[in-house]
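Values in this text are rule-based calculations from the coordinates and carry no lab data. Remember, predicted model here, so these are calculated numbers, not experimental data. Reconstructed Cβ throughout: ideal geometry from the backbone, glycine too, with neighbour counts over all protein chains shown.
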Amino acid sequence: MTSPTGSPNPADSSLLPFPGFFTRAFASALFTGYSPIASGTVASALALAIYFIPGFEGPYIIMPACFIAFLAGIRSADAMEAYYGHDPSEVTIDEVVGMWLSLFLLPKSVVLAVAAFFLFRLFDIIKPYPAAKFDKLEGGFGIMMDDVIAGFYTNLVLHFLAAIPAVQKFMQRIQG
């Protein structure tokens, strides 16, 4: 049997309940996971838009948001994977968490946000160790963790770059 996305599903999805509206809305990051093209990139853009809500970058806002989205993401991704098959493209809450972690404790700037977006997408695609190991795991935890790792790597690289005086000067010049 194939899943609604056309990918092989280990379980007969006709015997499983279709995930409910709220599960689908959350797991797909407000239905970005149903984008016909680059659903992970669309979800990452949504995460970036939310990040630019004034105050969201504050550690007492973004970290609890990441934690709650991570835990709820595991559960909703489990339900979606049971229906759609291994690591379905419909699940994009992992990209949201990864994108937010990419920006954690960085100065809020368009330059850093754009750099984080492209770097996160790169790390999410190439899956550097140990992200690739988590990507192979079944279940919501593996779905979420490979993007957490990509976000962590992105954050490290950007913190390193932002600490270089020449990069700081460049960012000041660009931002006026």
query = How big is region 72-145 on each of its three principal axes, counting only the C-alpha atoms and giving the largest first in Å?
reply = 39, 24, 18
message = Please list, ordered by chain and number, the residues whose modelled amide H lies under 5 Å from the amide H of residue 139; skip anything fewer than 5 residues away on the same chain.
response = 87
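Treating only the Cβ of Lys, Arg, Asp and Glu as charged (+1, +1, -1, -1), what charge dipole size does the chain show about its Cα centre? Round to the nearest 20 debye. Write out the running numbers ahead of the final one.
Working: 9 positive and 13 negative charges, 140 e Å.
Result for the chain is approximately 680 debye, rounded to the nearest 20.
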query = What percent of all Cα-Cα pairs in region 107-162 falls in each 10 Å bin, counting up from 0?
reply = 26, 48, 21, 5
query = Leaving out same-chain residues fewer than 8 places away, which lysines sit with a Cα under 29 Å from that of residue 169?
reply = 108
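Show me the GluC sites (Glu not before Pro) within region 67-176 that DSSP assigns to loop and that have at most 14 other Cβ atoms within 10 Å of their Cβ.
Details: sites: 81, 90, 95, 138; in loops: 90, 138.
Hits after loop and neighbour filter: 138.
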key: Pair residue 136, residue 118: separation of 7 Å Cα→Cβ label points (nm)   = 3.2 nm
request  = Give the shape of the chain as rounded, prolate or oblate, defined through the alpha-carbon gyration tensor: a ≥ b ≥ c are the square roots of its eigenvalues, a/c under 1.5 means rounded, and otherwise the shape is prolate if a/b is larger than b/c and oblate if not.
outcome  = prolate
remark   = Placing each pseudo-label 7 Å from Cα in the direction of the beta carbon, residue 61 and residue 22 end up separated by a distance in nanometres of 2.4 nm
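Which longest uninterrupted range of the chain lacks any trypsin sites (Lys or Arg not before Pro) assigned by DSSP to a loop state (not H, G, I, E or B) and surrounded by at most 15 other Cβ atoms within 10 Å?
Values: sites that count: 108, 136.
Counting only loop sites that pass the neighbour cut-off, the longest clear stretch is 1-107.
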request  = Give, as ranges by residue number, the residues of region 91-124 whose backbone N falls under 16 Å from the point 7 Å along Cα→Cβ of residue 172.
outcome  = 107
task = Report the one residue of 151, 27, 112 whose Cα lies farthest in the direction of the positive end of the charge dipole of region 1-153 (charges on C-beta: Lys and Arg +1, Asp and Glu -1; origin at the Cα centre).
result = 112
